[in-house]
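The structure appears below as structure tokens.
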Amino acid sequence: MTIIQQAMVLAAGLGTRLRPITDTMPKPLVPVSGKPMIDYALDALADAGVRRAAVNVHHFAGMMEAHLAAYPRLQIVISDERAALMNSGGGLAKGIKLLDPGLLYVMNADLFWIGEKPGAKTNLQRLAEFFDPNAMDLALLCVPLERTTGHNGKKDFQLDPDGRLFRYADGGDNPVVYAGAIVMHSSLLDEAPADAFNLNIYFDRAIEKGRLFGMMMEGEWITVGTPEALPAAEAVITRHSAGA
């Protein structure tokens, strides 16, 4: 069994679509059913065996640092982006310098899932076992559109029968949504730029080489991009908590 003990959590975004809530707090700390969004991601990492995580901060960075310092289940190191936002790729490339070379999870702080089977391997544990560094640059956790809440309806990729991912084209088979979790080796970003860039550059490079793979997650996937999305997210969580 592959156990990955380190992770990078991308948490530095401004959360502009969640205003006015994010006028007074960072998006990752917005409570969903009484729990800060980022804690769903941190709990999933801890449940999968992660011990150490780097988290990047920018918007209300002091609030983020205070919250993360009190989080009990992981050793957390801060990747400080107060001076300048680095976008998803630049933030990841900067943050992983605080971790050991090797395999890691990458998680978005504002996307999470519920409804995994009790006692079974978690989605992240399954993704770690799925990842084959000989064949893959990145392994992405994916979800079908019908098991998403709060999503804008965009289909990110199509998943081939062999597990390879390609950008979704209208009419393509097996469309999936990227669920915001990755397994990769840190060496992929050894030659990354030092300034801001989007991680989609590396997705597209991997697609060109046939080395971007995806695995379907179990459970329900939730994103909260706007204040209006909060009630729908909390309704799904309540339904699952009730065993429905």
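List of remarks:
- Hits in the range 190-217 (condition: outside any strand (DSSP E or B), crowded, with 18+ Cβ neighbours inside 10 Å and within 16 Å of the chain's Cα centre (by Cα)): L199, Y202, F203, M217
- Whichever residue in the range 218-244 is of a type in the set (S, T, Y) and surrounded by 13 or more Cβ atoms within 10 Å (Cβ to Cβ) and, among such residues, is farthest from G115 (Cα to Cα): T226
- So L85, is it in contact with a strand residue (DSSP E or B) (Cβ under 6 Å, 6 or more places away or on another chain) and either closer than 30 Å to A242 by Cα or not β-branched (V, I, T) (or both): no
- In the range 177-189, the residue that is surrounded by the fewest Cβ atoms within 10 Å (Cβ to Cβ) out of those that are in contact (Cβ under 8 Å) with a residue 60 or more places away in the chain and not hydrophobic (A, V, I, L, M, F, W, C) is S187.
- If you go through the range 190-216 and keep only what is charged (D, E, K, R) and either in contact with a strand residue (DSSP E or B) (Cβ under 8 Å, 6 or more places away or on another chain) or touching a residue at least 12 places away in the same chain (Cβ under 8 Å) (or both), you end up with D195, D204, R205, K209, R211.
- Taking the listed residues A44, A69, the one that is modelled with pLDDT of 95 or more, of a type outside the set (V, I, T) and over 17 Å from the mean Cα position of the chain (by Cα) is A69, with no other qualifying.
- Test: residue in the range 18-39 that is within 24 Å of D100 (Cα to Cα), within 16 Å of the chain's Cα centre (by Cα), of a type in the set (A, V, I, L, M, F, W, C) and crowded, with 22+ Cβ neighbours inside 10 Å: yes
- Selection of helices (runs of 4 or more DSSP H) fully inside the range 25-123 by the criterion of at least 1 residues being under 15 Å from G15 (Cβ atoms), touching a Pro at 6+ places or on another chain (Cβ under 7 Å) and of a type in the set (V, I, T) returns 37-47.
- Qualifying residue in the range 76-83 (condition: over 14 Å from R52 (Cβ atoms), surrounded by fewer than 21 Cβ atoms within 10 Å (Cβ to Cβ) and in contact with a helix residue (DSSP H, G or I) (Cβ under 9 Å, 6 or more places away or on another chain)): yes
- Taken over the range 124-135, the criterion of being part of a loop (DSSP other than H, G, I, E, B) and of a type in the set (D, E, K, R) is satisfied by D132 alone.
- Test: V30 is within 26 Å of M184 (Cα to Cα) and modelled with pLDDT of 95 or more: no
- Checking W221 against (1) in contact with a Phe, Trp or Tyr (Cβ under 8 Å, 6 or more places away or on another chain); (2) in a loop (DSSP other than H, G, I, E, B), the condition it does not meet: (2)
- Some residue of the range 178-187 being part of a helix (DSSP H, G or I) and over 22 Å from S79 (Cβ atoms): no
- Positions within the range 8-49 being hydroxyl-bearing (S, T, Y) and out of contact with any strand residue (DSSP E or B) (no Cβ under 8 Å at 6 or more places or on another chain), in sequence order: T16, T22, T24, S33
- Contact annotation: residue pairs with Cβ atoms under 8 Å, 6 or more positions apart or on different chains, pairing a residue in the range 138-151 that is under 23 Å from R17 (Cβ atoms) with a partner that is of a type in the set (G, A, S) and surrounded by fewer than 19 Cβ atoms within 10 Å (Cβ to Cβ), are L145/G153; R147/G219; T149/A232; G150/G225; G150/A232.
The values are calculated or read from the model by the stated rules, or taken from the named source; none is laboratory data. Since the model is a prediction, treat every value here as computed from it, not as a measurement. Glycine gets a Cβ as well: all are built from the backbone with ideal geometry, and neighbour counts include every protein chain shown.
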